[in-house]
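Down below is the structure, laid out as structure tokens.
The values are calculated or read from the model by the stated rules, or taken from the named source; none is laboratory data. Being a predicted model, the structure only gives us computed values, none of them experimental. Here the Cβ positions follow ideal geometry from the backbone for every residue, glycine too, while neighbour counts run over all protein chains shown. Only protein heavy atoms, including side chains, enter the accessible area calculation; ligands, DNA and RNA are left aside. Shrake-Rupley method; radii C 1.70, N 1.55, O 1.52, S 1.80 Å.
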Amino acid sequence: MLSQHVAREYATELLGAETTGIGYLLKDRITEIDGFLDAVRRVSGGGTVIDPAVVRALLRAPDQRRAVGRLSPRELEVLEAMAEGLSNRGIAERLFLSVSTVEKAGSAIFDKLDLAGEEQSSRRVLAVLRYLES
């Protein structure tokens, strides 16, 4: 399988099949033709080739579900409201909190879910995705 993204459900289905010759590679990580051709040869010969990012996603999944379970009831309420698309002000109004309290809960959520601030991704979106996966 050649994919643009890591999809845990596809990886699980692919690896759970009792077949030989399995491969799950990510398009953007194939940087040299020789490496790609080697992977194709190994898969066609009955071997298995899995991109390291796919392996990390599969191994990290249970930890992510446990991380959501570490949230306090208030943090979980805030995360649920985030999942509905509410802004910090909207969450504050719904839960009868100050915006500052919502911001502190958001920071705690990001910390507990181990979502470091990265310019390439939105911690808020990643937190909601982890919530939805749990």
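In the range 48-65, the residue that is modelled with the highest pLDDT out of those that are open to solvent by 70 Å² or more (accessible area, probe 1.4 Å) and assigned to a helix (DSSP H, G or I) is R56. Going through the range 80-102 one residue at a time, which ones are without any contact (Cβ under 8 Å) to a residue 40 or more places away in the chain, within 21 Å of V68 (Cβ to Cβ), assigned to a helix (DSSP H, G or I) and small (G, A, S)? Of everything in the range 80-102, just one residue is without any contact (Cβ under 8 Å) to a residue 40 or more places away in the chain, within 21 Å of V68 (Cβ to Cβ), assigned to a helix (DSSP H, G or I) and small (G, A, S), namely A81. Scan the range 88-101 and tell me whether some residue there is open to solvent by 30 Å² or more (accessible area, probe 1.4 Å), within 20 Å of L129 (Cα to Cα), more than 17 Å from the chain's Cα centre (by Cα) and not β-branched (V, I, T). Within the range 88-101 (the criterion being open to solvent by 30 Å² or more (accessible area, probe 1.4 Å), within 20 Å of L129 (Cα to Cα), more than 17 Å from the chain's Cα centre (by Cα) and not β-branched (V, I, T)), the answer is yes, since at least one residue qualifies. Whenever a residue of the range 6-33 is more than 23 Å from G46 (Cβ to Cβ) and free of Cβ contacts under 8 Å to residues at least 40 places away in the same chain, its partners that are open to solvent by 60 Å² or more (accessible area, probe 1.4 Å) and aliphatic (A, V, I, L, M), lying with C-beta atoms within less than 8 angstrom and at least six residues away or across chains, give the pairs K27/L2.
Using the structure shown, decide if E84 is more than 21 Å from S122 (Cβ to Cβ) and surrounded by fewer than 15 Cβ atoms within 10 Å (Cβ to Cβ). The answer is no for E84. Scanning the range 1-36 for residues that are surrounded by fewer than 10 Cβ atoms within 10 Å (Cβ to Cβ) and among the aliphatic types (A, V, I, L, M) yields A17, I33.
This table checks each residue for (1) under 30 Å from E133 (Cα atoms); (2) in a strand (DSSP E or B).
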position: T12; (1), (2): yes, no
position: T19; (1), (2): yes, no
position: G23; (1), (2): yes, yes
position: D28; (1), (2): yes, no
position: F36; (1), (2): no, no
position: G46; (1), (2): no, no
